[in-house]
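Beneath this line is the structure, given in structure tokens, with notes to follow.
The values are calculated or read from the model by the stated rules, or taken from the named source; none is laboratory data. Given the structure is predicted, the values throughout are model-derived calculations rather than measurements. Positions of Cβ are backbone-derived with ideal geometry, glycine not excepted, and every protein chain shown enters the neighbour counts. Accessible surface areas use protein heavy atoms only, side chains included; no ligands, DNA or RNA. Shrake-Rupley method; radii C 1.70, N 1.55, O 1.52, S 1.80 Å.
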Amino acid sequence: MSTIMDTPTRSPFLLTSTLKSAGKTGGPASLRRSGSGGKPGQRSVSVVKAGCSRLKAKAAATPVTSVKKAPPKVGITPRTPFATPKSTEGDRFIPSRSYMKMDVSGFAIRGGFDKTSTSKKLISPTGSYRKRLEGLMARCVEGGEGDSARKPRVLSFKVKAPAAESDNGVDSTTKIANSSDVPARRPPRAVSQVAEKVLDAPGVVDDYYLQMIDWSISNLIAVALGTSVFIWNAENEESVELMSILTEDEQSPYVTGVSWAPDGVHLAIAISNSEIQVWNVSIPQQVRTFKGHSAVIGAMDWYKTTLSTGDHAGTIVNHDVRAREHIIARFKAHRDGVCGLKWAATGRQLASGGDDNLVHIWDAASMSSSQASKANSHDGADRRRSSVGSAASSATGVPVPLLHRFADHRGAVKALAWCPFQSHLLATGGGSTDCTIRFWNTRTGACVNSVDAESQVTGLHWSKKEREIVSAHGYEGANKNQLVVSKYPSLVPLARLKGHSGRVLSTAQAPDGDTVASISADESLRIWRPFNSDRASRTAAAGSKKSRRESQGGKMAGGASGGGFVKSHIR
């Protein structure tokens, strides 16, 4: 056996296989013959020696072949499941002996640093040596110079962490913070809190339930002032009187609302005698007259060639301005008056807000011309109801499908605004007894967000470029007579636009989406830029002083403020 152990093993796998093969052939046979004759001890020893000699000779004669590893399969990366890390430094959780003084540490564990141990009598013949060693160890711990001044540690996990790399005296954290890969935080957008234009608007009716102002796609502003309607051109800042109601009656009718058609040429004008006039402003000339209401009309909105109007009796009428029989739908929408109407941009839904504190979403598919012809012929056949299982009763008995009824407001709802970046998102604002702004998902009927406006809400407008919304306010509260710009959906106020001394009655948004006009009970019309563009931001600072000087001058008629809606300045 000593011969086998002394033999150099160049390939352990090859040597093992040779031993196994040898054991199968000659080994067991020779051992079996050892018991047939002769002395057992001598016979077995000789046989073993002979077998070992043959194995040694065979192993020396056998050439050593290198074991080739099979190439890895395509797409499979060979992995070593338990690879040993190449780093020689100990982990902070694993003791590293390379940083410890084992002799001093062992001496400390055995209590060698106890002062009483040095005074004990050493019985061992090498006591003098141990006493001297103990003194050296104690001096190493209690003080000294160089490495001897450091107290020994029984366990050392890691050396002191290396200092962070720096470039020109700037540490790595500052380098990362100033790196171009890290996006810089966007600074808050500057909003001019001073009106760009202040126009005189004498004779405006102080009524929350009327629609006094509208802005056309051709950049014209229509304003209802008592018995007259004025048009102000925002490009050349010229104003002209479009129409005026002349009557000898003491209780003369007055204008209750204005609304521009999508073409920017035709203007719908509501009169307090429940009549609607359609004017072609380019001529200018009245082209149509609509009747069909029994109360004062206070809300109007267009979708293509369909004009929807709502009166103070709670009735909504849809007019097709192209047809001789213009009424295509008439239905009782609210128990009290209709305060606001707004078509969705898709034209599939119509939102209405009422003085009964309700918001209704109507299905526009039921207001098609085919159903209108049946309604005009007094066909009383039943119609399929909406998914919510409720419908409003029409004048002809034809039910109009009601998609949703929102009853969370506690005051009249006049302000309505459809979101431009989410077609199914509707913002609504409550009156003086509610003072909240709510956001609705008109697909599911859920209220997705709400905020306490702290004042009466008279108007809402979304930004077409940013996720922001501006709200106009009236009676008492923190936002009294102001316009407030807020982020969505956080609803954090960005700016408060102050200038009106009376409550804001109506608002209108410019076709570019950046500018908003507001008319107030203080008989002034102001033009703001709550969603100012980059060009407006550069000129906001220059125009702030000029606008502030104009606003402090009171009512303006002509001059730098852009003129006022007074007869002396009509051209």
How large is ³J(HN,Hα) for each residue in region 400-416, as worked out from phi by the Karplus curve 6.51 cos²θ - 1.76 cosθ + 1.60 (θ = phi - 60°), to whole Hz, x for Gly and Pro?
9, x, 10, 6, 9, 10, 9, 10, 7, 6, 10, x, 4, 10, 10, 7, 9
How much solvent-accessible surface does I437 expose, in Å² to the nearest 10, with a 1.4 Å probe and all protein chains in place?
10 Å²
What whole number of Å gives the distance from the Cα centroid of region 265-323 to the Cα centroid of region 405-422?
23 Å
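Stokes-Einstein at 25 °C, 0.890 mPa s, Kirkwood radius from Cα pairs: D for region 462-504 in µm² s⁻¹?
Values: Rh = 10.7 Å.
Value of D from the Cα-based Kirkwood radius: 229 µm²/s.
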Please list, in chain and number order, the residues 5+ apart from S423 or on another chain whose amide H is under 5 Å from its amide H, with Hs placed from the backbone.
none
For K197, what residues show an amide H to amide H distance below 5 Å, using hydrogens built from the backbone and excluding near sequence neighbours?
I527
Estimated inter-spin distance, R443 and K465, nm [label 7 Å along Cα→Cβ]
2.9 nm
Peptide ranges 303-310, 400-407, 128-135 listed from the most packed, as the mean C-beta count within 10 angstrom indicates
303-310, 400-407, 128-135
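Cα convex hull of region 298-362: mean projected area in nm², to one decimal?
Convex hull of Cα atoms, orientation-averaged projection: 3.9 nm².
Counting only protein heavy atoms and a 1.4 Å probe, tell me what percentage of region 223-314's accessible area is made up of carbon and sulfur.
Values: 1690 of 3750 Å².
Roughly 45 percent, rounded to a whole number.
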I'm checking a number: the convex hull volume of the Cα atoms of region 432-540, normalised per residue, in Å³. What is it?
108 Å³
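Please list D206, D200 from largest to smallest accessible area, probe radius 1.4 Å, with all protein chains kept in place. Don't jump to the answer; show the numbers that get you there.
Working: D206 85, D200 15 Å².
Largest accessible area first, the residues go D206, D200.
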Over region 230-298, one equal point on each Cα, no solvent: what is log10 I(q)/I(0) by the Debye formula at q = 0.13, 0.14 Å⁻¹?
-0.40, -0.47
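When the Kirkwood radius is taken over all Cα pairs of region 408-467, what Stokes-Einstein diffusion coefficient follows at 20 °C and 1.002 mPa s, in µm²/s? Please report the intermediate quantities before stating the final value.
On the way: Rh = 11.6 Å.
After rounding, the answer is 185 µm²/s.
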Check T256: other-chain or 5+ apart residues with amide H under 5 Å from its amide H, H built from backbone geometry?
A270, I271, S272
